[in-house]
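**Q** My structure is below; once you've seen it, I'll send some questions.
Only the coordinates and a few stated rules stand behind these numbers; no lab work does. Note that the coordinates shown come from a computational prediction; the quantities given were computed from them, not determined experimentally. Note that we place each Cβ from the backbone using ideal geometry, even for glycine, and neighbour counts take in every protein chain shown.
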Amino acid sequence: MLDEEIETYWEQRRYFEDALPVPSFYSDGNSIGAVTWFKDNKNTSKLVNEMKFYFDMLRKYDVDLVKTKSDNLGKIIYEDDYQIGVIKE
């Protein structure tokens, strides 16, 4: 990445780290092996729309992005307005 892109990356990352709650299971490095999934709702849609820089960088550097949906995620152990955290049952 170019220096300007790296600078923008860190600016954007700080924004999202402030805007998106961090699930409590990450406080110990996620020793329980939980997986975080974004919810499909207005809050998440707004946040994703603000990720244009990241999507542009993926396209520019020819990096694939895969969107996965599932109704069978496991046992929900965390939930906020944007995401859920799950573990295998």
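**Q** Among all residue pairs at least 6 apart or on different chains, which show Cβ distances below 6 Å where the first residue, located in region 62-85, is more than 22 Å from Tyr26 (Cα to Cα) and the second is not small (Gly, Ala, Ser)?
**A** That search, which allows pairs on different chains as well, returns Leu65/Leu58.
**Q** Just to be sure I understand the filter: pairs with C-beta atoms under 9 Å, separated by 6 or more residues or on different chains, first member in region 6-35 and over 24 Å from Gly74 (Cβ atoms), second member in a helix (DSSP H, G or I) and among the hydrophobic types (A, V, I, L, M, F, W, C). Which pairs pass?
**A** Matching pairs, first to second residue: Thr8/Phe53; Thr8/Met57; Tyr9/Phe53; Tyr9/Met57; Glu11/Phe53; Gln12/Phe53; Phe16/Leu47; Ala19/Leu47.
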